[in-house]
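Notes to accompany the following structure.
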Amino acid sequence: MIGKALIVVLLAVVVYQTLQIQEYKQQLDKSVGINSSRNTEQVSSKTIIHDEKSKAENTDSTIPYSTFTAKHYDSILNILGGDQSRLFSTKFGPKDDNQTLTVEKYTIDASHFHRGKADVVVFPTSNEEVSKIMALCVNERIPIVAQGTLTGLEGGAVPYEGGVALNLRLMRSVIRIYEEDLQVQVQVGIKKSELNEYLEKQGLMFAVDPGSDSSIGGQLSTGASGTLSIAHGTIRENVIQLKVVLPDEQGTIITTKSRALKSSTGFDLTHLFVGSEGLLGIIVEATLKIIAKPSKVLASRVIFNTISEAAKTVIEIKSRGVSQMARCELINKYGIMAVNKLFNRTYETKPTLFFEFHGSDEASLKVSSTIVQEIAQKHNGYGYLATTDENEQKEVWHARRNVYYAAFRLKEGKKGDVKLYVTDVCVPISKLAQIIEVSEKEIVEFNEKQANAGNFTLPPAIVGHVADGNFHFMIPYLDSNKQELEAILKFNDELVQRAIQLEGTCSGEHGVGIGKQGGLSIEHSPEAVELMRTIKKAIDKNQVLNRGKVFPCCD
């Protein structure tokens, strides 16, 4: 049924393409996203960042939402079997501090965006409960947003339209391990740390390793990756099968494919939902690839005088195809400085590359490590340190694993007022040295201007999964200073445009949410974005799922 609907609407796109493109270009001139600080003050920028008022004006008036009422609250409570401990609201039901605190906790994520709003926060425990709640929302035209750990950085799982915030964290069971197939079936509320703790007992691991301890559902929603992606791929390469609740009148549950590693039957529904950011359905279960834990690990690091030399080293390592390299990470000198400051370390404050090699025998790992050392030395790298000792490895990687927390210390401010803005561009590996050198130079100049304006901060940390061309600026700012955040957003606009000009992307792993909507419209052609919107409207006819995310508007 869904397949037929897709075919019909896609044919309609072809027939009316010219008119649609003209209409879309007019809409694009008014396209919007949200970039507001937590105190709800609006922040604008020249090209990509737009204000919340415009977003509201672009809400589709042809599909009005129903007002959430006590009747809806009672219906959801009935679906939960009367379990009041899994339903929270500041408007309905019990009146106590726990209601307010819970709703506040689940209407904000780890980004700089302001708090959202939800009529209820619901914690289902089964696919059937999710299905019934979905059906209720579709039939009553109530907005619904699925969420997990809320560690996102683009506002993607925050409810901004009211309605239902459906948190899946109680659905975190390991359903089954297929050990011979190296597959595991899970409920998607499980966090990566919880899954790996379970798998470790069998000598296994899940190899997608984003920096935050996100849920599997969140990883699938954003198309996440992380430090191990150069060896094992992103979440896209590690998912085999999904179970999804569709936004229709019945809350239909589908399984996207079989567990076979390959199939040439029908549309690739699995990867239609991966990276769709909760706009097409609610993923409730996933069958994932797993691997045997490596029996031998070698960790190393090497120091450079310039960030360009470090980037050129990575480019050559990639072109040489060095075997058994599982991780390749970068920190610039300001990130090292921050780690030293927070943890009382004395690491040399220079750009540093961190490597990890996985394999079955120590000798082969040392061969790969030696090749990397030689390439690094060719690009003026020095102080190469390599170890197979587990405790020494922790020290070698200490800076990389803690730089996010340390980056806050690059800014002086009152407790709770210092926030961190994290960029997420990704470029082809051949363009890495070019963009990272220019961007670091510009951020230093940007910081000098900020200092002259009274917004002093040390230049920010740069952290990168550089072997796949992805890197992040971690820019601290004061939440109380909207002008400071506005300046950072303008810098990010320029960074995004530079990445796209180099055939890269505005978001390598964080997703679009509300923060990268303008970047999406620059990166993709109007025709491509319109096709994405058409698919959204074909599957989610009543436009109840995560409305206002990814696309500037969805009429």
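The values are calculated or read from the model by the stated rules, or taken from the named source; none is laboratory data. Given the structure is predicted, the values throughout are model-derived calculations rather than measurements. A quick note on method: Cβ atoms are made from the backbone with ideal geometry, for glycine too, and the neighbour counts reach across all protein chains shown. Accessible surface is based on the protein model in full, side chains and every heavy atom, while ligands, DNA and RNA are left aside. Shrake-Rupley method; radii C 1.70, N 1.55, O 1.52, S 1.80 Å.
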* Which residue out of Q434, Q497, Q501 is touching a Leu at 6+ places or on another chain (Cβ under 9 Å), of a type in the set (S, T, N, Q) and either under 30 Å from V208 (Cα atoms) or open to solvent by 30 Å² or more (accessible area, probe 1.4 Å) (or both)? -> Q434
* Asked: Among (1) assigned to a loop (DSSP other than H, G, I, E, B); (2) surrounded by fewer than 19 Cβ atoms within 10 Å (Cβ to Cβ); (3) hydroxyl-bearing (S, T, Y), where does S225 come up short?
  -> (2)
* Structure fact -> Considering residues that are out of contact with any strand residue (DSSP E or B) (no Cβ under 9 Å at 6 or more places or on another chain) and assigned to a loop (DSSP other than H, G, I, E, B), the number found within segment 403-417 is 2
* Identify the residue in segment 497-519 that is assigned to a helix (DSSP H, G or I) and out of contact with any Ser or Thr (no Cβ under 8 Å at 6 or more places or on another chain) and, among all such residues, is farthest from G278 (Cα to Cα). => Q501
* To do: State which residue is least open to solvent (accessible area, probe 1.4 Å) when the search covers only segment 183-192 and only residues that are among the polar types (S, T, N, Q) and over 18 Å from Q147 (Cβ atoms).
  => Q183
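Yes or no, residue by residue, for (1) open to solvent by 10 Å² or more (accessible area, probe 1.4 Å); (2) touching a residue at least 40 places away in the same chain (Cβ under 8 Å); (3) at positive phi; (4) basic (K, R):
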site: K289; (1), (2), (3), (4): yes, yes, no, yes
site: A292; (1), (2), (3), (4): yes, yes, no, no
site: T346; (1), (2), (3), (4): yes, no, no, no
site: L353; (1), (2), (3), (4): no, yes, no, no
site: A363; (1), (2), (3), (4): yes, no, no, no
site: E374; (1), (2), (3), (4): yes, no, no, no
site: T387; (1), (2), (3), (4): yes, yes, no, no
site: N391; (1), (2), (3), (4): yes, no, no, no
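Could you please let me know if A207 is touching a His at 6+ places or on another chain (Cβ under 7 Å) and touching a residue at least 12 places away in the same chain (Cβ under 8 Å)?
For A207, the condition - touching a His at 6+ places or on another chain (Cβ under 7 Å) and touching a residue at least 12 places away in the same chain (Cβ under 8 Å) - is met.
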* **Meets criteria (open to solvent by 30 Å² or more (accessible area, probe 1.4 Å) and modelled with pLDDT of 95 or more) for E486** => no
* Asked: Between residues in segment 79-94 that are without any contact (Cβ under 8 Å) to a residue 12 or more places away in the chain and residues that are open to solvent by 30 Å² or more (accessible area, probe 1.4 Å) and assigned to a loop (DSSP other than H, G, I, E, B), which pairs lie under 8 Å by C-beta distance while being six or more apart or on different chains?
  -> Q84/G93; Q84/P94
* Structure fact -> In segment 294-307, anything out of contact with any Lys or Arg (no Cβ under 9 Å at 6 or more places or on another chain) and open to solvent by less than 10 Å² (accessible area, probe 1.4 Å) is listed as S300, V302
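Could we say that F123 is of a type outside the set (G, A, S), touching a residue at least 40 places away in the same chain (Cβ under 8 Å) and within 28 Å of S480 (Cα to Cα) here?
Here the answer is no, as F123 does not meet what is asked.
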* Output the residues belonging to segment 316-332 that are crowded, with 19+ Cβ neighbours inside 10 Å and part of a helix (DSSP H, G or I). => I317, K318
* Restricting attention to segment 78-97, and to residues there that are among the basic types (K, R) and within 11 Å of V120 (Cβ to Cβ), which single residue is surrounded by the most Cβ atoms within 10 Å (Cβ to Cβ)? -> R86
* Asked: When you look at L272, is it surrounded by 17 or more Cβ atoms within 10 Å (Cβ to Cβ) and in a helix (DSSP H, G or I), yes or no?
  -> yes
* Among the candidates V544, V466, V512, which residue alone is crowded, with 20+ Cβ neighbours inside 10 Å, among the β-branched types (V, I, T), within 15 Å of D424 (Cα to Cα) and modelled with pLDDT of 95 or more? -> V512
* Structure fact -> Expected single match for within 22 Å of N542 (Cβ to Cβ) and either in a helix (DSSP H, G or I) or open to solvent by less than 10 Å² (accessible area, probe 1.4 Å) (or both) among S75, S111 is S75
* Does segment 456-475 contain any residue that is part of a helix (DSSP H, G or I) and under 29 Å from L280 (Cα atoms)? -> yes
* Among the residues of segment 228-259, how many are surrounded by fewer than 18 Cβ atoms within 10 Å (Cβ to Cβ), outside any loop (DSSP other than H, G, I, E, B) and of a type in the set (K, R)? -> 1
